[in-house]
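Worksheet for the structure shown next.
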Amino acid sequence: MSVATETTARSVEKYRVTRSRRNVAWTGLGALVVVVVLALFPYIVYSGTTSIMVQAFIVLTLASMWNLLAGYAGLVSVGQQAFVGLGAYFVLILNIHSISMFTALPVAAVGCGVAALPMWWLVSRLRTGYFAIATWVLATTVLLIIEKFPSIGGGTGMSLPHTPNNGTALLEADTYWIGLAVTVLSLVTVYLLLRGRLGLVLTAIRDDEVAARSSGARVGLARMLVFVVAAIGCGAAGALLAISQLIVQPSAVFSVQWTAVMAFAVIIGGLGTIEGPILGTIVYIILQQTLASYNAWYLIILGLVAMVVALFARRGLWGLVDDHLHIRLFPVGYWLWAPGSGGRRLRGVSPRRGGRHS
Amino acid sequence: MAWVNDIIQGILTGGLYALFACGLSLMFGVMKVVNLAHGDLAVIGGYIAVGVITVTHIPVLWSVVIVVPLMALLGYVLQRTVIQASLDRSILTTLLVTFGLSVVIENGLLQFVNADSHSLGVGNAIITSSFSIGSQITIAYLLLLIFVVAVVVLLGLQYFLSVSKYGRLIRAVADDKEAAQLSGVDYRHVFGIAAAIAFGTVALAGIAYGMYSQFSPTTGTDTILLFAFAAVVIGGLGSLWGTLLGGVVLGVAQEIGAQINASDQLLAGYIVFLAVLAFRPQGLTTRRAQS
Amino acid sequence: MSEPPREPKGRGPAWTEERGTSDEGRRGLESGPAASGASRASEALLEVRDLTVHHGQLRALDHISLRVFPGEVYAIIGANGAGKSTLLRTIAGLHQPTEGAILYDGKDMTKVRPERRATRGIAMVPEGRRLFGSLTVEENLLVGATYARKGPWTIERVYELFSWMKDRRTQRTAQLSGGEQQSVAIGRALVANPRVLLLDELSLGLAPVIVQRIYAMLPQILASGLTVLLVEQDVSQALRVASHLQCLLEGHTTLEGRPSDVTPAQVEAAYFGLAPAEHGGAASPSPGGYGGAGSPLVSRGGLGGIVPPEIAEELLWHGSTTSSRGS
């Protein structure tokens, strides 16, 4: 009896490949509207709200960077606070030399990207668990080194000496707009990176690293690029932190709590999706605002929820939404349409998420 | 020859670090779990001891008899439930879950116990004193005792692993847990035993630390965790004696750093750690590299 | 050698002729137990019913059924990727099937954890040996004996079976040769005193001489009351020891029967997925069945289209194109 394969017949027909189920132009328009509305905030809301928004911007930037690292490149870093701190200190140092803190921000971001290179050399060959610990040790080492310089505040920290004196309202508004710009830029950068070649390479690495290498994917280069981009993003967030607080204290800016916050936000919102960090940041802000008076409670709850989500709802809140509504605001995967399937997804070849699931 | 004194201090402190590290090494070697909450568990052991002593007024050393088995039991339960569940998902999940656990424990302690430092008073006056060798070398009895305890624990652990039935099962499961299943071994139970040992030893280390120094809610991550990992990495995974060696190297490096500059103690240790990671990630005792 | 122990249920080793009549329905090329087999179903020690196993989206096994009776040597043959090892691993409990059931001693084991199956009497010698490399030979056996059932096999008896082993028992298994590791792996499974021994690709990576030496142990193992289900790529070796066989191709059963009842041509056809009608009558099979000279092969699909007849025969009957003929 012949066991001739049945697969030959179908391969002749044509399959369609698209980026998303629905037209992504609508999402882009929606995003634009949101950004415009946000930009108008300083004119329409109280300053208390804008300062909360600035915190949200910092966390959202950090979260999307951590998501890029852990969710897409599989690099679980527990030391991103190194770049938060470095970003803040870059601003401080430049400000000491009479450079405006707003001008200092992009320099700080780039500076962190540069600083990331020797750090990557130290940790790049380490596997998951060792990598995590090594990044933590690195961050602590950077903290200890910085604390040795009294000219930038030593162990106690220092306020920014040259802040603009054209009124608090304008300062807050400027801070807000810079924050919005940083966040939008971060999200757009991450989206474009993942939608492009890098996203494909990262998915290939995640699926089968050896196969990816032998197909010519530059695995080491891809990971290094992700690490550097994440460093730049976290540095920008750190710079924003310095700008919003107007004071830089080492124990605050280098605290591992930053990694905790960004990691928890990403896990709860949805690891490996671009929308996840947005949701997670919203959850974080809500928790922080409602429980702020209870000190450590919001971190306890955030941590517990993150643990539960990591174990039982691995793709987080956004994963739940996606499962039921099949919405992708920022599609980075591909959909395969069988010929004649009339717009219905071909069951057997559903695209994997663009990133890793825990 | 004052530096001889420092070297000896460093070596003895290394014993404490090794005691912290052996549980971590066991969990990573057997289950491939990097327990980021490891340091906080030592602190919890310390706080439970404080609580027990406050309530029952027993001498400090007796608290060990209560706290260590309690923590071992906690370790078994936590392993069979939370950690096994996260292991079944992926290595990423275990990192995230243990990290979450660490944050929850620390902030929980901050919330429910005040943030001040605690210390386990050492009851016996003899232990607090020290003895001298020659004119330059002074050794605190307590530190020597801790070092001896650490060596004894490591010896016991080594013996347990090489000779006993469960020790053999632990080593087998560490080599190939699927093959162990085929021989009728429930590896989840064996993992639980390994975790119990890890939690028990780290609780002992925490109490020792509390006797020697002070701890606060954040000591777990500020101090203990990274030292424990440093000892494991420097010494090399897979060897308990390597862990002792790693602890000693760390202790000595810190003492030397402290001599250069009082505030450089921690930094010196971390720099040695990073150097080992960069140039010899398999550690000082392991033969092949962990790629 | 000590006499084989009585089976507790009174069924002694019976792997020669006693199974006779109920198997007539199972002869031939078609798969699937015939209706007449149902009356003996309760006596099968190990039964697999309509087993379907997936690896992610790949269907590795498609409605596979088999019955292994006490004292039998049941061989599963097939090319790489046919699903043989998956079948064994699923029986041992390391994979969960998508559909179907596994019955052991009449009881459904499909949801039972692998370690529980091992303690109930199903022992597997996994593909690639899978010894505990950092443990010594003796320690490996001790682990196997930790949750052993009562029975004739002890560590001492394993040392008798493999005469070299006792002297080397304190050596770490990572330092042993492939053949020695295979012996230790078999010993590790034996000391658990199983009733069913699953052997997964014993010949993998071993020289033919070593393979023969290992298979020469099989009668002693069987004499102690065990039943064997083995997977083997080396078809001649399998046919030499089996009392019943099944051939898999891409997850389907393509041949089932006793070695004495199938011709080499039929085996080739089943192995490579060829059409049997083209060459069914061309060769003249001896009652012994296999090892004859080549028969004309006409290819249609499967591997037959790629592999020239001479090479196909070499591959199938001698394991490689360079090994020496004759066994």
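Values computed for the structure shown
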{"read-out": "Net charge contributed by nearby residues that have their C-beta within less than 12 Å of A:Arg125 (K/R +1, D/E -1)", "value": "+3"}
{"read-out": "Modelled FRET efficiency - R0 30 Å, A:Ser151 with A:Thr290, Cβ distances, 0.05 increments", "value": "0.15"}
{"read-out": "The range C:84-217: relative contact order in percent, alpha carbon pairs under 8 Å with at least 6 residues between", "value": "32 percent"}
{"read-out": "Charge context of B:Ala262, other residues only, Cβ under 15 angstrom, K/R +1, D/E -1", "value": "-3"}
{"read-out": "Net dipole in debye of the range B:2-279 [+1 Lys, Arg Cβ; -1 Asp, Glu Cβ; about Cα centre; nearest 20]", "value": "640 debye"}
{"read-out": "Amide H contacts under 5 Å for C:Gln233, placed H, 5+ residues apart", "value": "C:Ser203"}
{"read-out": "Where labels lie 7 Å past Cα in the beta-carbon direction, separation of C:Asp108 and C:Arg258 in nm", "value": "3.3 nm"}
{"read-out": "Highest-fluctuation residue, B:Leu26, B:Leu61, B:Leu41 considered, GNM on chain B with Cα pairs under 10 Å", "value": "B:Leu61"}
{"read-out": "Estimated [θ] at 222 nm from DSSP helical runs (n ≥ 4, -39500 (n - 2.57)) normalised by residues in chain B, nearest 500", "value": "-24500 deg cm²/dmol"}
{"read-out": "Cα-only Debye scattering, the range C:202-271: base-10 log of I(q)/I(0) at q = 0.17, 0.24, 0.29 Å⁻¹", "value": "-0.69, -1.16, -1.34"}
{"read-out": "Two-site label geometry, A:Phe312 and A:Ile52: point separation in nm, points 7 Å out along Cα→Cβ", "value": "2.8 nm"}
{"read-out": "GNM top mover of B:Tyr212, B:Tyr141, B:Tyr47 - chain B, alpha-carbon springs below 10 Å", "value": "B:Tyr141"}
{"read-out": "Two-site FRET efficiency, C:Thr170 against B:Trp62, from Cβ-Cβ distance with R₀ of 56 Å, rounded to 0.05", "value": "0.85"}
{"read-out": "³J(HN,Hα) computed for each position of the range A:108-114 - Karplus, 6.51 cos²θ - 1.76 cosθ + 1.60, integer Hz, glycine/proline x", "value": "4, 4, 5, x, 5, x, 5"}
{"read-out": "Within the range C:62-141, trypsin sites (Lys or Arg not before Pro) in DSSP loop having at most 14 other beta-carbon neighbours inside 10 Å", "value": "C:Lys111"}
{"read-out": "Projected label distance in nm at A:Trp121 and A:Ala39, using a 7 Å step from Cα toward the beta-carbon", "value": "4.2 nm"}
{"read-out": "Dipole magnitude of the range A:20-349, debye to nearest 20 (Cβ charges: Lys/Arg +1, Asp/Glu -1, about Cα centre)", "value": "1080 debye"}
{"read-out": "Average Cα contact separation per residue, the range B:2-279, under 8 Å, 6 or more apart, as relative contact order %", "value": "40 percent"}
{"read-out": "Ordering of A:215-226, A:64-75 by packing [mean C-beta count within 10 Å, highest first]", "value": "A:64-75, A:215-226"}
{"read-out": "Dipole-positive endmost among A:Leu279, A:Thr189, A:Gly199 within the range A:20-349 (Cβ charges, Cα centre)", "value": "A:Gly199"}
{"read-out": "Full-stretch length increase - C:Ala216, C:Leu58 - with 0.36 nm per residue and alpha-carbon distance subtracted", "value": "53.2 nm"}
{"read-out": "FRET efficiency, 1/(1 + (r/R0)^6) with R0 60 Å, evaluated for A:Val188 and B:Phe160 via beta carbons", "value": "0.60"}
{"read-out": "Charge tally in the Cβ shell below 13 Å around A:Asn166, where Lys, Arg are +1 and Asp, Glu are -1, A:Asn166 excluded", "value": "-2"}
{"read-out": "Inter-part distance where the range B:7-39 and the range B:193-224 are each reduced to a Cα centre, Å", "value": "10 Å"}
{"read-out": "Cβ-based exposure ranking for A:Trp258, A:Trp121, in which fewest neighbours within 10 Å come first", "value": "A:Trp121, A:Trp258"}
{"read-out": "Among B:Thr285, B:Leu204, B:Asn107 - extreme Cα towards positive end, dipole of chain B, charges at beta-carbon", "value": "B:Thr285"}
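Values in this text are rule-based calculations from the coordinates and carry no lab data. Given the structure is predicted, the values throughout are model-derived calculations rather than measurements. All Cβ positions, glycine included, derive from the backbone under ideal geometry; neighbour counts span all protein chains shown.
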